[in-house]
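K.L.:
There's a structure below that I have some questions on.
Throughout, read-outs are computed from the coordinates displayed, never taken from laboratory work. Keep in mind it's a predicted model, so treat the numbers as computed, not measured. Note: ideal-geometry Cβ built from the backbone for every residue, glycine included; neighbour counts use all protein chains shown.
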Amino acid sequence: MQTSKAQISSLQLEGVTKRFPGVLACDHVSIEVKAGQILALVGENGAGKSTLMNILMGLYQPDEGRILINGHETRFRSPNDAYACGIGMVHQHFMLVPNLTVTENVALGSKDFQSLLNLNLKGARRRIAEVSERYGLPVHADAYVDQLSVGEQQRVELVKTLCFGTRFLILDEPTSALTPQETDELINLLKRMSGDLSIIFISHKLNEVKALSDTVTVLRRGTVVYRGNTKDNSSQDLAALMTGHEVNLPHNACEDGCGNVLVSIKDLKVKSDRGNLALDGLSLDIRAGEILGLAGVSGNGQRELADVLAGLRKSVSGSVLLEEQNLLGKSPREIIDAGFGYIPEDRHDEGIVPSFSIRENLILKDFGTPRFRKGPFLRLKESEKNAEDLVHRFDVRCSSRETAAGSLSGGNIQKVILARELARQPKALVSVYPTRGLDMGASEFIHTKLLELRASGVAILLISEELEEIMNLSDRIAVIYKGRIVKILESGEATRPRLGLLMAGVKDDGGAA
Amino acid sequence: MRESAYLVFIILGAIVAAVGMGAIVLKLIGVNPFDVYKVILTEPLKDIYGITEILVRTSPLVFIALGIAIAFRSGILNIGAEGQMQIGIISAAAIALAFPELPKPILLPMVLITGAVGGALWGGIAGYLKARMGVNEILSTVMLNYIAAQVYGFLLRGPMIDPEELTVGSGTPQTIRLPRTAWLDRLIPGTRLHTGLILALVMAVLVYLLLWRTTTGFRLRASGAEPRAARFAGIHVERSLVIAMLFSGGFAGLAGAVELTGVHRRAIEAISSGYGFSGIVVALFGGLHPAFIIPSAIFFGLLLIGADMTQRAMAVPANMVLVLQGAIILSIVSAKTFLNDPYTKDRFMRRMASFRLPRRKKKTVSGLGQGGPL
């Protein structure tokens, strides 16, 4: 290796403080990791985890406090300094160039493989082979990144970081884009690697934290509220530490029976962007006052189903009935007016207009109705009243209702979307990954609201990858595989392993595939 | 406090950069940049003629910049104002020449509206192509500029040329003079300042109301700010694009009609003379907001007149103003990038802090670099 890295036997952050205008992001935070340890850094969104790691990587400079490596104070001016010390980070969003090969990506990321006019691809390929072998991380060095699945891209990110000679690995919510199977694989892999490396694992998925880490540090609003061994705490304890109060994700009590079929999807065939049939004769009935969970590994037609239900994708054949009215082929506007509510997958770019104020986003669907319109003009007073009411009722945390909605945290954005959709009193609601990437507190709030909505007789389709979410909330669980429903289970019959098998396309003994 | 220091620093930096880039070019052509800047910025303000001429340039710039602002805010980059303006001029001239006997209260509005409609249709082509077939609007509007220029030149040289030019004149490509009933009045006798300026100010207010107070404006802005979210909310984004381009082209066409009826009073070559492009700079410099577009247009009016004067006074080509415009665009775009980048901001804050605090001795990374290879 050209750059020699010192063995890191301990890394400490001591009393690190970072202020942003109006926010104290980190308040005298101290953490410590020893060689071969896995530290889980947990906390809700905005607790200061990412800021702390950006300081460790040299992206931000702390206002106070210091970084100690092997007991020596060290300053990182840029990520290059951190790399030079053997610290590497895998970001939540992959930092790969999709139309280059794995080898090219690795070579681009490190000065070791670059001279003035030349990329040393041979050297990079050799290094990839070494790293793959050493850590048991098979990657196809000549594949183009955009041909790889999300799980494989994750592995490429790991290999890339390790190729830079990383001895100390930071992983920022590495499982947020992975399927349950890929997540399990990654966790096993990290466990194996920990013999050789120190790891900081940032997450708020507590079952992963429990499965992987040796020690845990809990951050809340910029301060450390707990530091200790992972095995001494249950997930419940950690959740309570994170949020500052007991967290009980609500369950669907399922006592009252559901009503008549409200939404009926029959034999739906839809093409994906690539032109193959993403939905191949999918049929589903959703009853009033029911939450129907749609479980499945992502990429099995969920996205296409959600798009069709929003009126944003054409179907090949089939029908979607809402109370006898066929909605297939109708425009998004007509579907909205028919009483369909929608919580889109990508809350930041599909659910809200980020640069619009909270007030404007709350009337995004209804600005044309008589309540908010007088002739060609908007009734600003009315929209202000509406915003005041909804922000209060849905507990949206914001400095002002004129704040750009895009600057809110994920949980608050989701509250804005939920407020808008629920205020319209929909007959049916499609909810796509409603709590993806949200912390416990926000998830709890959203789950409670969905259950309230169910109790008021709305038919809800819940599309999610989180089995726990689906099992907690659903009356019935439909499993989607390759564009068809393979099985519908009553919530009582569903267990994790059974759902896992169905999601992988293994036929159930019930046989009704 | 430190936030605003950063803002001021970036804005000052942008101004220095723009002025500096211009200065380098001026130095290269062998004149003293300070003298040139002084002439540009002060000479036009010395007499009533200069001031009214600035305002004469201001009106078309305001109209065009308003249209550009509507388009940009609706997510479509209209680079075709120059062509839309030419189509506006030629259609307005055609109507004025076709109905010379109509009374002024009927003919003048008709001429202005026709100019706007002509520009709107020309702009609408690019909007429709984008909405229906996803044709990149930057390419289509630029190409439509060339087509418009050819159509304009053809009509002035052929069907619409002043017959006297052919029989007794020099063959100058221009129409006959418009009837007096199609003239905008002069605001100050003896100058070229006309009532189009008032119309421009009224339009700025109307565009503000359109964008921020009407449902149409809400739809346009939502489509521009995040088309995916707009689609999910049931907004017909493609329709918004076409509407935006109709408005945008309409304002460029109106600029042409006003310039025609207020200043030249006959269609000649080069009436548009780059207003379509300067209008984009005016709109960006004015933050795509009508209230700031007005001062921005006055400022660029000053630059245009000032550059003319330096040509006469110091033999610096008036095209220098294009160099300045380019420098200003580069500076605006870079300043926005800096303002939006938190890392650069953080680095700036650190530098500031280290200037203020006494320097402490710090141990750096190189301090611990022993240890064997991996």
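K.L.:
Could you check the spin-label model distance between A:Leu119 and A:His245? Points 7 Å from the Cα along Cα→Cβ, value in nm.
P.N.:
Distance between the two pseudo-spin positions: 5.2 nm.
K.L.:
Could you work out how far the C-alpha centroid of the range A:38-103 sits from that of the range B:48-125, in angstrom?
P.N.:
Cα centroid to Cα centroid, the span is 55 Å.
K.L.:
When chain B is modelled as a GNM with alpha-carbon springs shorter than 10 Å, which of B:Gly286, B:Gly253, B:Gly134 fluctuates the most?
P.N.:
Its mean-square fluctuation being the largest, the pick is B:Gly134.
K.L.:
Please figure out what share of the DSSP beta bridges in the protein assembly as shown is antiparallel and state it in percent, rounded to the nearest 5.
P.N.:
Expressed as a percentage, antiparallel bridges in the protein assembly as shown total about 60.
K.L.:
Within the range B:7-56, which trypsin sites (Lys or Arg not before Pro) sit in a loop by DSSP and count at most 15 neighbouring Cβ atoms inside 10 Å?
P.N.:
Counting only loop positions with at most 15 other Cβ atoms within 10 Å, none of the trypsin sites (Lys or Arg not before Pro) in the range B:7-56 qualifies.
K.L.:
Using a 10 angstrom cutoff on alpha carbons, build the Gaussian network for chain B and name the most mobile of B:Gly22, B:Gly169, B:Gly326.
P.N.:
B:Gly169
K.L.:
For the residues B:Trp122, B:Trp212, what sequence is obtained by ranking on other C-beta atoms within 10 Å, fewest first?
P.N.:
Starting with the residue having the fewest Cβ neighbours, the order is B:Trp212, B:Trp122.
K.L.:
Going toward the positive end of the dipole of chain B, with +1 on Lys and Arg Cβ and -1 on Asp and Glu Cβ, which of B:Leu108, B:Pro159, B:Ile64 do you reach last?
P.N.:
The listed residue farthest towards the positive side: B:Ile64.
K.L.:
Continuing with this model, one more query. What's the average, rounded to a whole number, of partner chain beta-carbon atoms within 10 Å of each residue's beta-carbon in B:184-191?
P.N.:
The per-residue average across the peptide is 0.
K.L.:
Fewest Cβ neighbours within 10 Å first, please rank B:Tyr146, B:Tyr275, B:Tyr208 accordingly.
P.N.:
Least crowded to most crowded, the residues run B:Tyr146, B:Tyr208, B:Tyr275.
K.L.:
Additional query: Gain in length, A:Asn229 to A:Asn80, computed as 0.36 nm per residue apart minus the alpha-carbon separation, to one decimal in nm?
P.N.:
Stretched fully, the A:Asn229-A:Asn80 segment lengthens by 50.5 nm.
K.L.:
Kindly identify chain A as rounded, prolate or oblate by the Cα gyration tensor criterion: order the square roots of the eigenvalues as a ≥ b ≥ c, call it rounded if a/c is under 1.5, otherwise compare a/b with b/c, prolate if a/b is larger, else oblate.
P.N.:
prolate
K.L.:
Quick check on the range A:354-425: take the gyration tensor over C-alpha atoms, sort the square-rooted eigenvalues as a ≥ b ≥ c, and tell me if it's rounded (a/c under 1.5), prolate or oblate.
P.N.:
prolate
K.L.:
Let me ask something additional. Towards the positive end of the charge dipole of the protein assembly as shown, with charges on Cβ (+1 Lys, Arg; -1 Asp, Glu), say which of A:Ser331, B:Ala297, A:Leu162 has the farthest Cα.
P.N.:
B:Ala297
K.L.:
Determine, for A:Glu444, A:Glu324, A:Glu208, the number of other Cβ atoms within 10 Å of each Cβ, and report the residues in order from fewest to most.
P.N.:
A:Glu324, A:Glu444, A:Glu208
K.L.:
Please report how far the C-alpha centroid of the range B:290-304 lies from that of the range B:157-216, rounded to the nearest whole angstrom.
P.N.:
The distance from the Cα centre of the range B:290-304 to that of the range B:157-216 comes to 19 Å.
K.L.:
Taking each residue of A:67-77 in turn, how many C-beta atoms of other protein chains fall within 10 Å of its C-beta, and what is the average?
P.N.:
3
K.L.:
Kindly identify the range B:100-254 as rounded, prolate or oblate by the Cα gyration tensor criterion: order the square roots of the eigenvalues as a ≥ b ≥ c, call it rounded if a/c is under 1.5, otherwise compare a/b with b/c, prolate if a/b is larger, else oblate.
P.N.:
oblate
K.L.:
Calculated from DSSP H runs of 4 or more alone, at -39500 (n - 2.57) each and per residue, what is the 222 nm mean residue ellipticity of chain B, nearest 500?
P.N.:
Mean residue ellipticity at 222 nm (helix-derived): -24000 deg cm²/dmol.
K.L.:
When ranked by the protection proxy of mean other Cβ atoms within 10 Å per residue, highest first, what sequence do the peptides B:327-333, A:57-63 form?
P.N.:
Highest to lowest by the protection proxy: A:57-63, B:327-333.
K.L.:
Something else: Just to be sure I understand: with springs between alpha-carbon atoms less than 10 Å apart, which residue in B:Leu26, B:Leu288, B:Leu108 has the highest mean-square fluctuation in the Gaussian network model of chain B?
P.N.:
Checking each option, the largest mean-square fluctuation is seen for B:Leu26.
K.L.:
Also, quick follow-up: Can you give me the C-alpha center-to-center distance between the range A:375-429 and the range A:206-285, rounded to a whole angstrom?
P.N.:
24
K.L.:
Mind checking which lysines have their C-alpha under 29 Å from A:Lys231, skipping anything on the same chain fewer than 8 residues away?
P.N.:
Counting by Cα, and skipping residues close in sequence, A:Lys231 has these lysines nearby: A:Lys34, A:Lys49, A:Lys191, A:Lys205, A:Lys210.
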